[in-house]
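Some notes on the structure that comes next.
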Amino acid sequence: ILGKIDSLQTKTLMQLFEDFLSDRRRDVECGKIAKDTFENNNRSANYVREFIRSRYKRSDVALHELNHSFISNFDTFLRNDKGITKNTSVKSLRTLKQVIGIAIANGHIKADPFTKFKIQREIVERDFLTNEELQRIINHDFSAERLQRVRDIFIFACFTGLSYIDLRTLEPQHIIKDENGRMWIKKRRKKTGILFRVPLL
């Protein structure tokens, strides 16, 4: 009644997630993170909620219930029950670790359940377009003007190395001319904020 029992005063895992997502929404509004990052965080929270319902038959868990077994079982749930690939599941595990890190920093949890759990991505070998394949795409005539525009943007990305989000946010002020009259793309990466320069031939 007097609220003196510690376990009644600490927040639950999903309450921590709600606080975390609320902060992330403000970060999106301030431009600190991309909307896609928030959507990934929100998706991770939904996976945790589904896992708790599936495993514990309730809507939430107390923070003292978080241990190595919880993390390991959540990882298994993502890959087996949800059919998510290893590298995609890493995103949700990192979001959960971030939330738990905040809980530890605020004194809600004493022991880190991730201590003996390693989050590792699988190394994936990516195929690259050959020069011949690239030329075939460049020379291909698409019936729809929309597809030709998509083709042009894709080829531009291939030659400049810009990511989708950096292409999408590219504006005229990002094209500059140096003292020798050469044109450059000068912009900060949307995801990392790192400044990059790409010459336009």
Completion exercise
Every listed condition ((1) farther than 18 Å from Gln15 by Cα; (2) among the polar types (S, T, N, Q); (3) surrounded by fewer than 16 Cβ atoms within 10 Å (Cβ to Cβ)) holds for Gln98 save (1)
Handout entry: Filter result for the condition that a residue is touching a His at 6+ places or on another chain (Cβ under 9 Å), among the basic types (Lys, Arg) and either open to solvent by 100 Å² or more (accessible area, probe 1.4 Å) or under 27 Å from Arg43 (Cβ atoms) (or both), over Lys86, Lys116
Key = Lys116
Exercise for the section: For the range 151-201, enumerate the residues that are surrounded by 14 or more Cβ atoms within 10 Å (Cβ to Cβ) and of a type in the set (Gly, Ala, Ser). Expected result: Ala157
Handout entry: Odd one out for Ala103, checked against (1) farther than 28 Å from Phe20 by Cα; (2) of a type in the set (Gly, Ala, Ser); (3) surrounded by 10 or more Cβ atoms within 10 Å (Cβ to Cβ)
Key = (1)
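The values are calculated or read from the model by the stated rules, or taken from the named source; none is laboratory data. Keep in mind it's a predicted model, so treat the numbers as computed, not measured. Note that each Cβ is placed from the backbone with ideal geometry, even for glycine, and that neighbours are counted across all protein chains shown. All accessible areas refer to the heavy atoms of the entire protein, side chains included, with ligands and DNA or RNA removed. Shrake-Rupley method; radii C 1.70, N 1.55, O 1.52, S 1.80 Å.
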